[in-house]
Every structure is written in structure tokens, then in C-alpha cells.
Amino acid sequence: MSTPRPTASQTSGSQSAAAPQTTAPQTTASQTTASQTTASQTTASQTTGSQTTASQTTSAPRTTQQPASAQQPASAPQPASAPLAGVRVLDLATLFAGPIAATMLGDFGAEVIKVEHPTKPDPSRGHGPSKNGVGLWWKLLGRNKHTITLDLSKPGGRATLLRLAATADVIVENFRPGTLEKWDLGWPELSAANPRLVLARVTGFGQFGPYARRPGFGTLAEAMSGFAAITGEPDAAPTLPPFGLADSIAGLATAYAVMTALAARERTGEGQIVDMAIIEPILTVLGPQPIWYDQLGHVQPRTGNRTQNNAPRNTYRTADGTWVAVSTSAQSVAERVMRLVGRPELIDEPWFATGADRARHADVLDEAVGGWIARHTRSEVLEAFEKAEAAIAPIQDVRDVMADPQYQALGTITTLHDPELGRLRMQNVLFRLSATPGAIRWAGRPHGADTDAVLTELGLTPAELAALRAEGAL
């Protein structure tokens, strides 16, 4: 049995007081303790003025049934039966792993309150192209989130966050370790406000260790994990992905970790800390490299589009100048490909019997497959491979994706109406549930759009809101 993985609170004496407390401190009449916050509680989206706008932008719920029309806008407010209805999430994180986790939870009914600095909004609002001054990436990342502003370094901001924490199930944050503690918002204070709270801490390197206080981004995880070392052509530089791969993987892992902690809370009655280091999930999905090295001293080299596990496996150019990708992970598929391209004699070669041996003869196999594909158009190639029941896919850019009939059948790209941009299309929720589907209720909202509504629902008076603004906390 391997050693259980401790969190920072179990390894650092300075955080020994971080164990969840069994009772919450006395709260004011406007506060709700965690023990009173159940799955049936009324969420801010059901009681605030932001509900009206949100419900007008909803996409169709995503079920296992074939959508009637994946391209048409639909009106389908998230029902109380959504799997995460009644779960309240405070998203304090920025760029990108933590916010992605909160988005995943919001897609399936969690009430997500995005907390941003009053004058320094989440930088994702300005990443990539924009339209009419509105960041498009934020429309995706900020979907299904109420947006409020709060300066946690101000006394009023700190006090307001603790009041919000008392009503929440989950907080997602990605400040550098020690930052929340500097503001007296560490685990001792948060768990005292709400013993049932799950605190997801997402950082580059985790909460402890020699790198813990370094600034960390997904690019560093892609470099450190070994991903870049095995990506690219053998004689070229290590290759980084042109998008947030490590962040996205960590975001999905964080959503999984949060759900695991919430399930544990059902048995224990107490929340806990989730310590997510972005450098770890990407290492997990890289597969057996550590055990290969441990047991055999094997270090996986860069092989371009090829793999050491089977062949032919590559991208090939067609006669009309497009590209396709071929995979032969199964022996039977490899044999079908050889018959299709007119080289059945290669099947009888002794080395053709295993994927690893075929990989050692990739030059021969690529010449056979690539030569045949080069003499045919993409449509001819795809049709022939489909008829032969061999595995192939076109290399598509986003234009092809948006028009692809399989994506259309699945409703992978959905349409909704946004008050700022009108009709827009984006990726749908991640998976289909047959009975309790998720849905996109609205796209990312403007900075601080729901501050008054959310905090009024929390119990703050107009005078208190004015005082917070005068302090610079809102």
C-alpha cells in the first residue's frame, strides 16, 4: 500500500490549527451557517435580479437523446433536479485551471459566484480576440457564473467573503500559498465560518515543497512533467502546446476532486482542503513513463506523429492537399489497412505480428500507407477506410469542426443568446446525462454585474454596500 497523500495542513506545523472545527461561530441574523445550507436551499440565481437575464440566454439541456436541432437557440432554465442544484461555489481563481473547475460545476447546476478584484478583473477577460471590446474567451470560461467584485485585502472585503463562505459549499482559489493566510482568510478562518466547506487550492506546485511559493503556470507544468520532452520531431526542439493543456487537465481534475470531497462530506459531515498542483494531473495522463523508467530505465524519446507502440500511426497528405490521421492500435485494424492500400504481403512479415515490432518498421509502413493516400482525394480516402472498417479521421481546423456532422449530431457546439453579443456558439457542457442533464444558462457576464444582487441576497443593506464601496472593497 502506498503512503496516503497529506495536505499542507498535515505537513506544516504553522497550519496545525487547520483541522475542521465541529461547530461554527455565532453568526448574525443575515448569515446562514453551513449546517443550514442544504441541497434544497434557494440559490442566488433563484432569488436575485440576475435570474431574468440569465434565463434568456440558456442553451438546450444536454441529454443522451439526440437533440432536435443542435444549432437552434433554446430556452431551458436549469431545473432544480440538475445534479448539482443547491451547491454553491465561490470562484476566487483566475487563469485558468481553477476557473475551469468552477465552470464544470456550474454546467451541471451548481450556483457559481465569481469573485473578482474591483479594479483588476480576471485576466482571462482580456485573453485572445475580442468583439466590440468584449473578450470572447471569457464568454466561455465565465458561463453559468454570477459575477461580483470584492477586494479581499480590505477589512470589509474579508468580512464579506466570510459571510459568503458561511453559505457556500466550495471555494476555489489559486492564490500563491500564504496569500489567503496573509489576509486572515486561511483554512482556520474559513472552516470556522463553515465547517462543511470544501476549499480547493489550485497552484502551480502545490501548497508545500521547495517550489510551492514560486509563480506557476500551465506552461511550466507542460515543461516539467515530461510532456514537452516527448512532443515534437526527434531532431527538433521540445514542443509546448499552443493552448492551456496543463491548466485544462488540472481544471477537470479539480472538479473531480471537489466532487470527491463533497461525497466524503456526506459521510463525515465536515469539509476539507483539496490541494491541487497543476504539475501533477498532466503527469498522470502521460501514462506509464515513471514505471517504465523505474523498472527498465526507459526514457521515452520524441517521435513526432509516430509512436513506439504501433504503426502505421501518422498524418498523411491526400491528393487534394488535405491531411488525415491513421491509427492502428488494434492488430486487426493494421491488417485491414495493409489490405486496403494494396500491400497484404506485409501482414505475413514476422515483425508485423505486434505493435511494437511494427513501430520499428514504421518507415516501410508509412511509405505504403502514405503513398496510397497521396494518390487519392480526402473524400476517397475517408470513404475507402470507412468501408474497410479501418480507423481514420480528417485533420480538421475549427471551421471543419463547426460543420462536422458528428459534432452536429452530438450537439457538441451549442447556440445561445448573449445580451452583449447576441447569438453566439461555443462548446456544450462536457457530457450528456440521461436524466439530470447540464446546460449553459448564460455566457460570461460583465465584471461585477451581479454584485448588488448577490450581496443583497446575502443580507447586506444598502448602507453596508455603500460603506464597502467607500472603503474600496467593492
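Some values worked out for this structure:
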quantity: Amide hydrogen neighbours beyond the local backbone of Asn314, cut-off 5 Å, H modeled; calculated: Val326
quantity: log₁₀ of I(q)/I(0) at q = 0.10, 0.11, 0.15, 0.17 Å⁻¹ - the stretch 305-443, Debye sum with one point per alpha carbon; calculated: -0.47, -0.54, -0.79, -0.90
quantity: Per-peptide average of other Cβ atoms within 10 Å, ordering 363-369, 297-303, 340-346, 83-89 highest first; calculated: 83-89, 363-369, 340-346, 297-303
quantity: Portion, in percent, of the accessible area of the stretch 415-459 that falls on carbon or sulfur, probe 1.4 Å; calculated: 50
quantity: Ranked packing of 94-105, 189-200, most packed first, by mean Cβ within 10 Å; calculated: 94-105, 189-200
quantity: 14 Å beta-carbon shell around Thr315, net charge (K/R +1, D/E -1); calculated: +1
quantity: Interchain or long-range residues, amide H under 5 Å from Asp418's placed H; calculated: Arg423, Leu424
quantity: Per DSSP, loop chymotrypsin sites (Phe, Trp or Tyr not before Pro) in the stretch 170-251 with at most 14 further Cβ within 10 Å; calculated: Phe243
quantity: Amide hydrogen neighbours beyond the local backbone of Arg143, cut-off 5 Å, H modeled; calculated: Gly444
quantity: Whole-angstrom gap from the stretch 230-300 to the stretch 428-453, using each part's C-alpha centre; calculated: 26
quantity: Karplus 3J(HN,Hα) series, Hz, for the stretch 86-101 with 6.51 cos²θ - 1.76 cosθ + 1.60 (x for Gly, Pro); calculated: x, 8, 9, 10, 9, 9, 9, 8, 9, 5, 10, 4, x, x, 4, 4
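The values are calculated or read from the model by the stated rules, or taken from the named source; none is laboratory data. On a predicted model such as this, the values are computed, not experimentally measured, just so you know. Neighbour counts run over all protein chains shown; Cβ positions are idealised from the backbone, glycine included. We work out accessible area using only protein heavy atoms, side chains counted, and drop any ligands, DNA or RNA first. Shrake-Rupley method; radii C 1.70, N 1.55, O 1.52, S 1.80 Å.
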